[in-house]
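Shown next, in structure tokens, is the structure this report addresses.
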Amino acid sequence: MDRVIFHCDLNAFYASVELLSYPELREKPVAVCGDPAARHGIILAKNEAAKAQGVKTAETIWQARRKCPALLLLPAHHDKYRYYSRLAGEIYRRYTDLVEPFGIDESWLDVTGTLGLFGG
């Protein structure tokens, strides 16, 4: 039998986690960024509304603001991201013990031995 591998990627992860605390901002263009005052001003993650305005991960804040003047900037909270990453890993391990994390927001899951759970 061929192996069945799932690639799980939590898109816009930092922004999604931040918006759990600010649900009123979900429809507005939002980006998580470094501290512009400390010259760490790059976009770490953006939500779909910011993406629709052309905002890109890893670009500078001034470039993003040129594309999207209404962009709301939120500071990063890495402790929150680690927490939610662990929660996602716990969910993955409900389906397989063969989980290979690939960064804080991505994992590879070998579900070959658990296909019965998915109707296979």
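The values are calculated or read from the model by the stated rules, or taken from the named source; none is laboratory data. These numbers come from a predicted model, not from an experiment. Cβ sites come from the backbone with ideal geometry, for glycine too, and all protein chains shown count toward neighbours. Just the protein is used for accessible areas: all its heavy atoms, side chains included, with ligands, DNA and RNA removed. Shrake-Rupley method; radii C 1.70, N 1.55, O 1.52, S 1.80 Å.
Would you check which residues across the stretch 48-99 are of a type in the set (Ser, Thr, Tyr) and in a helix (DSSP H, G or I) and list them?
Tyr81, Tyr83, Tyr84, Ser85, Tyr92
Looking across Val17, Val32, one residue alone is open to solvent by less than 70 Å² (accessible area, probe 1.4 Å), touching a residue at least 40 places away in the same chain (Cβ under 8 Å), assigned to a helix (DSSP H, G or I) and of a type in the set (A, V, I, L, M). It is Val17. Is one or more of the residues making up the stretch 24-40 under 30 Å from Thr112 (Cβ atoms) and at pLDDT 95 or above? Checking the stretch 24-40: not a single residue is under 30 Å from Thr112 (Cβ atoms) and at pLDDT 95 or above.
Checked against (1) modelled with pLDDT under 95; (2) surrounded by fewer than 15 Cβ atoms within 10 Å (Cβ to Cβ), His7 meets all criteria but (1).
Of all residues in the stretch 74-110, those that are in contact (Cβ under 8 Å) with a residue 40 or more places away in the chain and either open to solvent by 40 Å² or more (accessible area, probe 1.4 Å) or in contact with a helix residue (DSSP H, G or I) (Cβ under 7 Å, 6 or more places away or on another chain) (or both) total 13. Apart from one condition, Ser16 fits all of (1) over 22 Å from Ser107 (Cβ atoms); (2) modelled with pLDDT of 95 or more; the exception is (1).
Of the numbered criteria (1) at pLDDT 95 or above; (2) closer than 30 Å to Thr114 by Cβ, the one Lys51 fails is (2).
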